[in-house]
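Only one structure is covered here, and it is reproduced in the block below.
The values are calculated or read from the model by the stated rules, or taken from the named source; none is laboratory data. This is a predicted model, so every value here is computed, not measured. Using ideal geometry, Cβ is built from the backbone for each residue, glycine included, and neighbour counts are taken over all protein chains shown. Just so you know, the surface numbers come from the protein's heavy atoms only, side chains and all, with ligands and any DNA or RNA stripped out. Shrake-Rupley method; radii C 1.70, N 1.55, O 1.52, S 1.80 Å.
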Amino acid sequence: MTLVTLLDNTDRRSRPRHPEKASRPDTAVLPKPTWLRVRAGGSPGFLQTRAIVREHGLHTVCEEAACPNIGECWQKRHATMMILGDVCTRACAFCNVATGRPSAVDADEPRRVAQAVARLGLEHVVITSVDRDDLADGGARHFADTIGAIRFQSPETTIEVLTPDFLRKDGALELVIASRPDVFNHNLETVPGLYLKIRPGARYFHSLRILQRAKEIDPRMFTKSGIMVGLGETREQVLQVMDDLRSADVDFLTIGQYLQPTRKHAAVDRYVPPEEFNALAQAAYGKGFLQVAASPMTRSSYHAGDDFRRLRDARVARLGV
C-alpha cells in the first residue's frame with residue numbers, strides 16, 4: 001500500500017506549508033561547519049533569472065526546495081524548472097516542497113517552460129516535478145509535452161528530466177522515455193534502511209527498477225541518480241547503493257550533504273567533511289560510473305550542463321560511442 005498524504009488545499013494561505021509536520025516536535029539543529037558556505041542572491045544575473053521565471057508564471061525547484069545553490073546558479077541564468085504545480089502528494093521528511101492536494105494540471109505550462117528556456121538561453125535544462133499520485137499517469141504526459149515544446153523552441157538545448165517514481169503508474173516511464181530526453185534522472189535519495197523514516201511514500205527497489213528499466217528501453221540514453229548523506233547512513237550502506245545503481249547500469253551518481261529545511265524536517269545526523277566526499281567519489285569511479293559529482297553542496301541539477309558534457313566525453317573515451 002502506497003503511503004501518500006493528500007490534504008485539503010482550498011486555501012493555501014491559511015495552512016502551513018507542511019501541515020503533516022506541524023505537530024511534530026522541533027528537531028535539533030547542528031551548527032554548520034565552515035565548509036558549508038553559499039553565495040547569496042541579488043546579483044544582476046540572479047534578478048534577471050527571477051524576472052523571467054516570474055514573467056512566465058513558472059515554479060522552480062531552486063526556490064520550492066530551498067536549494068542552497070540558487071544564488072550561484074541563477075547568477076548564471078541556470079534555473080531548474082518544476083512542472084505540474086508546486087504542491088506535492090508525498091510527504092518526505094527531507095523535502096521543503098509544499099504538501100497537499102495539487103491543483104489541476106496547467107496545459108499551457110509546457111509552452112511557457114519552453115519560452116523561458118529560450119529566453120534564458122540554456123544549453124542544457126533540467127526539468128523536474130512534484131509527485132502527482134493523483135494523476136493516472138503520474139504526470140508522464142506532461143513531461144513528454146514539456147520535452148516536445150522545448151525541442152520545438154530550442155532544438156539545440158539538451159534536456160535532462162528528474163522524474164518521480166511513477167509508483168503503480170503503468171506505462172508512465174515508457175511515455176517519458178519515448179520523448180527522448182538526453183538524461184533520465186530519478187533520485188534514490190537515501191539508503192534503503194532509511195526509506196521508512198525519510199522517504200515513506202516510496203519503495204527503494206521500485207526506484208532502482210525504474211532506473212534499470214529506463215536503460216533497457218533506450219540503452220543509449222544516459223541515466224543518473226543521486227543520494228544525500230548526513231542522515232544517519234553508514235559508509236557500507238552508501239557503497240551498497242553504488243553497487244545497486246551499477247547493477248542497474250546507471251551512468252552518473254551525485255552525492256550531496258543533507259540540509260534540513262526547517263526544524264520540523266528530519267534532523268541532520270552529521271555534516272560529512274569534504275575529504276569523505278572525495279573518498280566516496282573515488283569509490284564510485286572505481287565501481288564504474290562514467291561521471292560522479294560528490295561534495296557538500298552537490299545537488300542533482302548543480303552544474304548539470306557542465307557535468308553532461310563531461311558525461312558524454314567519458315562515454316566516448318570509454319566506449320567510443
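For the chain, averaging the sequence separation of C-alpha pairs within contact (under 8 Å, six or more residues apart) and dividing by the residue count gives a relative contact order of 17 percent. Dividing the C-alpha radius of gyration of region 80-178 by 2.2 N^0.38 Å, with N its residue count, gives 1.05.
For E236 and Q282, a Förster radius of 22 Å and the Cβ-Cβ distance give a FRET efficiency of 0.85, rounded to the nearest 0.05. For the chain, the number of Lys pairs separated by eight or more positions or lying on different chains, with C-alpha atoms closer than 15 Å, is 5.
With a 1.4 Å probe and every protein chain kept in, tell me what percent of the accessible surface of the chain is carbon plus sulfur. Can you show the working numbers first?
Details: 7370 of 14120 Å².
Of the solvent-accessible surface of the chain, carbon and sulfur hold 52 percent.
Give me the Kirkwood hydrodynamic radius of the chain, using the inverse of the mean 1/r over all pairs of distinct Cα atoms, in Å to one decimal. Hydrodynamic radius (Kirkwood, Cα pairs) of the chain is 19.9 Å. In the chain, helical runs assigned H by DSSP with n ≥ 4 each contribute -39500 (n - 2.57); averaged across all residues and rounded to the nearest 500, the mean residue ellipticity at 222 nm is -10500 deg cm²/dmol. Taking every C-alpha pair closer than 8 Å and separated by at least 6 residues, the mean separation divided by the residue count of region 193-321 gives a relative contact order of 24 percent. Note on region 110-256: Kirkwood hydrodynamic radius from all Cα pairs is 15.9 Å, rounded to one decimal.
Largest mean-square fluctuation among G148, G121, G85, in a Gaussian network model of the chain whose springs join Cα atoms under 10 Å apart, belongs to G121. Taking the square roots of five times each eigenvalue of the Cα gyration tensor of region 23-156, the equivalent ellipsoid has semi-axes of 26, 23, 11 Å, listed largest first. Residues within the reach of a label modelled at R24 (point 7 angstrom out along Cα to beta-carbon, backbone nitrogen below 11 Å), restricted to region 175-208, are 197-200. On a per residue basis, the chain carries 44 Å² of accessible surface, using protein heavy atoms and a 1.4 Å probe.
Convex hull volume per residue, computed on the Cα atoms of region 204-256, equals 65 Å³. From the largest down, region 194-318 spans 44, 31, 26 angstrom on the principal axes of its Cα atoms. Projecting label points 7 angstrom from Cα along Cα→Cβ for E275 and R209 puts them 4.3 nm apart.
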